[in-house]
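The values are calculated or read from the model by the stated rules, or taken from the named source; none is laboratory data. None of the values given here were measured: they were computed from a predicted structure. Reconstructed Cβ throughout: ideal geometry from the backbone, glycine too, with neighbour counts over all protein chains shown.
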Amino acid sequence: MAGETFSESGKSVFASPFSSTSGELTDRYGRRHNNLRISVTDRCNLRCLYCMPEEVVFLPRQELLSFEEITTFVQAVLPLGIDKIRLTGGEPLLRKDLHKLVRMLSALPGLRDLSLTTNGLLLEEQAPRLYEAGLRRINISLDTLDPQRFRLLTRRDGLERVLAGIQAARQLGFSPIKINMVALRGFAERDLVPLARLCRDWGLELRIIEYMPIGAEEWERDKVVTAEECLQWLEESIAPLRPIANDPTSPAQEYEYLDGQGRVGIIASISRPFCRHCNRLRLTAEGKLRYCLFALEETDIKPLLRQSPPDLLQVQQLVRQTVWAKWPGHQIHSAEFVKPTRTMHAIGG
């Protein structure tokens, strides 16, 4: 039945007693939610080890939410306090004419922040249209500057295309441009410092992400390179860092180099979980709402968006129910932790 929330086993879970369509979007633990990540496709032109399997069966295209359905959903949640949106995938630039969605969302009153996460392979070609459509903030995933290790990590070639995409974004004036690096042991020891130096030289902000149990491969805890290790390597090889006071709902703790040449952010999901300040929701490419990257239940929004006309009041109620059902945290360090059946590419980065 549309409107119910189901676990992966198919069992219905409780609904929120809140059905109001106005006021803050708050869960049982007092966390106010204003941040929405929207996946526009599960397709990707890379096969990163920590994200997805080599062989993938992608969703039929007709199952994906249309740009109009995505915009309708955003129109429904803006009155609930959602004012920050990030477009993700899969690889979002594989979605045809993505700049049209950017233009549609940019025009919505009340949307304070719109950003995009991409692997950069198609960015050089598409950056001008995205910028003209209203996009300004962009994150580019890049784990190494070595072509051979790039292929080992992504199972594809394309490093030069990613670097060309970064340069195109710089020349157009995208700001900030953040480089997302997953710190995976066996790679980060050699790749972190060169990437950090590139970011300093090019005026980019490095985002270091601890390796999480969300890919297709069995997660190995000893492959996690912690935030403390990364900071130590940067300070020993580049320059001292100092923490910057930042928004507690941000997943990254930010640091700046004492010599004034740039910033680094570290998303320490494993060694420093930030669940108690989490303010994010996720919408998958086929219209499933998730309250956490590691959630085991989803709320199907698509049937309501495909009604004629869409039932926006019911959409708002389901969003409130989903937020109210949110757990305290991901429990990665608990014996009760269960890895989601979906991998990162199918949820949205």
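Of all residues in region 309-336, those satisfying the criterion of being under 26 Å from L25 (Cα atoms) and part of a loop (DSSP other than H, G, I, E, B) are P309, P310, D311, A325, K326, W327, P328, G329, H330, Q331, I332.
Considering region 228-287, and only residues there that are under 29 Å from V40 (Cα atoms), out of contact with any Asp or Glu (no Cβ under 7 Å at 6 or more places or on another chain) and acidic (D, E), the residue that is surrounded by the fewest Cβ atoms within 10 Å (Cβ to Cβ) turns out to be D247.
Within region 60-77, the residues that satisfy the criterion of being outside any helix (DSSP H, G or I) and surrounded by fewer than 16 Cβ atoms within 10 Å (Cβ to Cβ) are P60, S66. In summary, no helices (runs of 4 or more DSSP H) completely within region 79-157 bear 2 or more residues that are modelled with pLDDT under 95 and crowded, with 22+ Cβ neighbours inside 10 Å.
D311 - would you say it is at pLDDT below 95 and over 22 Å from the mean Cα position of the chain (by Cα)? Yes, satisfied. The lone criterion from (1) without any contact (Cβ under 8 Å) to a residue 24 or more places away in the chain; (2) within 28 Å of P92 (Cα to Cα); (3) among the aliphatic types (A, V, I, L, M) left unmet by L304 is number (1). When the strands (runs of 3 or more DSSP E) confined to region 226-288 are screened for residues that are free of Cβ contacts under 8 Å to residues at least 24 places away in the same chain, those reaching at least 2 such residues are found at 241-243, 253-257. The set of residues in region 299-308 being within 20 Å of the chain's Cα centre (by Cα) and assigned to a loop (DSSP other than H, G, I, E, B) consists of I301 alone. On the stretch given as region 144-163, residues that are of a type in the set (A, V, I, L, M) and touching a helix residue (DSSP H, G or I) at 6+ places or on another chain (Cβ under 8 Å) total 3. What are the residues in region 35-48 that are crowded, with 20+ Cβ neighbours inside 10 Å and either in contact with a His (Cβ under 6 Å, 6 or more places away or on another chain) or part of a loop (DSSP other than H, G, I, E, B) (or both), if any? Passing the criteria: V40, T41, D42, C44, L46, C48. When the residues of region 337-349 are filtered to those that are assigned to a loop (DSSP other than H, G, I, E, B) and either over 24 Å from H277 (Cα atoms) or not aliphatic (A, V, I, L, M) (or both), the one that is modelled with the lowest pLDDT is G349.
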